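I have a structure I would like to understand better, so I am pasting it below and will then ask my questions one at a time.
The values are calculated or read from the model by the stated rules, or taken from the named source; none is laboratory data. Quantities reported herein were computed from a predicted structural model and do not represent experimental measurements. With ideal geometry, Cβ positions are generated from the backbone for all residues, glycine too; neighbour counts draw on all protein chains shown.
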Amino acid sequence: MTTANPDWRRLVDHVQTIPEKIYETWNTRDGWDNHTPFGVEYGWDGVAWCMEFDWCMFHDVGLDAIVPKTASVAVMTDYAKKHGAWSEYPSIGALVNFSQSGHTEICVGFDKDTVYTKGGNSLQVGAEDHGQGNGVWSHATPRRAAKVVGYFAPAFPDGVCPPTADPADPRGGKPVESWRWAPPPVVEPPKKPAPAPVLPAFPGRDKFVLGAHNDHAFQLQKWLDKGDWGPKYQVGPSRTMTAVDLQKVAALQRHYLSELGPADGKCGPLTWRYAFEVAHGLRKK
């Protein structure tokens, strides 16, 4: 089974949207006190929350039914082993058991040497905080480090196996050497086509005789100028029909002589339409 946006991808995309920062509050008695929005979401705040963070990530995307609701990494590990979901290999979306159930984070990438994780109740790389995790941070850990105990690799409801390094992954995926998260491509909404230009009603031949002064004359002159008919304007289109404008009309008529002839410079309904269509790319010149 394949899907454009499988469950594992929805999970890891969501995990990667969580800003990396300190989330715990501080008090002078306890220091960082384990009070976080993730503890509130889980329903048990003020306690070690690395496993609670993992559960919240699954809960946020409607996948919490496939992981135990527990704040204990040891309980999570026992659950994984009892359900045939324990692995010594990383896979995307797996919950990592670090330091003999001392900590857990979610696997968001791996290669042949390194597992990349993101988790709560953790420390920023390089931080000096006496071992008290206080936020959500990303980490890179050697895959074969002693602290990496193993992985809980849940089976996703849609049946799609995430990228896995396990050569015998029970979820059916073929092992890959590496996978690193990258933001999903931004799909731009299709642009609405520009509305088709509408030909204004022909206002009458008297609007285009020599010396006529009106807005329709100005509109015709702009079309003629855009179509590059006849002599060039020295100043530009105006609201007055001049001898130059009549020459430009005649140039248009000569080009389409069989349809618009005679080329007398007098603008009628058909000349008006042809000037409009050429100016708007609706008719080949």
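Assigned by TED's automatic domain parsing to the domain that holds S99, touching a His at 6+ places or on another chain (Cβ under 9 Å) and within 30 Å of H83 (Cβ to Cβ): is that true of A165 in this structure?
Criteria not met by A165.
For the list (1) basic (K, R); (2) touching an Asp or Glu at 6+ places or on another chain (Cβ under 7 Å); (3) more than 27 Å from P195 (Cα to Cα), I need the number of the one condition that K266 fails.
Only one criterion in (1) basic (K, R); (2) touching an Asp or Glu at 6+ places or on another chain (Cβ under 7 Å); (3) more than 27 Å from P195 (Cα to Cα) is unmet by K266, namely (2).
Right, next: In the range 115-140, which residue that is under 17 Å from W179 (Cβ atoms) and out of contact with any Pro (no Cβ under 6 Å at 6 or more places or on another chain) is surrounded by the fewest Cβ atoms within 10 Å (Cβ to Cβ)?
This residue is A140.
Looking at the range 231-262, which of its residues are more than 20 Å from P200 (Cβ to Cβ) and touching a His at 6+ places or on another chain (Cβ under 9 Å)?
Correct list: empty.
For the range 32-87, name all the residues that are polar (S, T, N, Q) and more than 17 Å from N134 (Cβ to Cβ).
T70, S72, T77, S87
Going through the range 63-84 one residue at a time, which ones are under 32 Å from the mean Cα position of the chain (by Cα) and either farther than 19 Å from V40 by Cβ or buried (at least 20 other Cβ atoms within 10 Å of the Cβ) (or both)?
L63, A65, I66, V67, P68
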